[in-house]
């Protein structure tokens, strides 16, 4: 039986990518190396600035680079994708359109988890950094659950 292979779109905050890898490794009760979850990591700190593109309006669109990274990871054998950069989740639609494997959208997954653990219709607040507060990053996932 083959194990799932998670492809990580990384490098947008290289330390965030390393932290994600450490946390994934830390969650596995491994008795042997083979017990760990296989990860493929595309560590690309050259992805165009999300802040320059979203907020300043001066930068190159990072969506094509992110889509290409996702495609490389899929071709390399990833069965799902993850990305530790909050701001880059603004470009999730481009990533999802570029591949046929699931993208584990941490913004949507976080909202879904919070909504599932709270009583019906409580006020829910997020304190994102400025780039994530920009329309399009958090707005759709927060509106979807109602």
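The values are calculated or read from the model by the stated rules, or taken from the named source; none is laboratory data. Here the structure is a predicted model, which is why all the values come from computation and not from measurement. A quick note on method: Cβ atoms are made from the backbone with ideal geometry, for glycine too, and the neighbour counts reach across all protein chains shown.
Annotations
- Considering residues of the stretch 84-99 that are in contact with a strand residue (DSSP E or B) (Cβ under 9 Å, 6 or more places away or on another chain) and in a helix (DSSP H, G or I) only, the residue surrounded by the fewest Cβ atoms within 10 Å (Cβ to Cβ): 96
- Residue 102 falls short on exactly one of the conditions (1) modelled with pLDDT of 95 or more; (2) under 15 Å from residue 49 (Cα atoms); (3) in contact with a strand residue (DSSP E or B) (Cβ under 8 Å, 6 or more places away or on another chain), and that condition is (2).
- Single condition residue 60 does not satisfy, out of (1) part of a loop (DSSP other than H, G, I, E, B); (2) at pLDDT 95 or above; (3) under 23 Å from residue 79 (Cα atoms): (3)
- Whichever residue in the stretch 1-26 is out of contact with any helix residue (DSSP H, G or I) (no Cβ under 8 Å at 6 or more places or on another chain) and within 18 Å of residue 79 (Cβ to Cβ) and, among such residues, is surrounded by the most Cβ atoms within 10 Å (Cβ to Cβ): 20
- Residues of the stretch 64-83 classified as touching a residue at least 24 places away in the same chain (Cβ under 8 Å) and surrounded by fewer than 21 Cβ atoms within 10 Å (Cβ to Cβ), total: 10
- Residue that is nearest to the chain's Cα centre (by Cα), among those in the stretch 102-111 that are surrounded by fewer than 16 Cβ atoms within 10 Å (Cβ to Cβ) and not in a helix (DSSP H, G or I): 104
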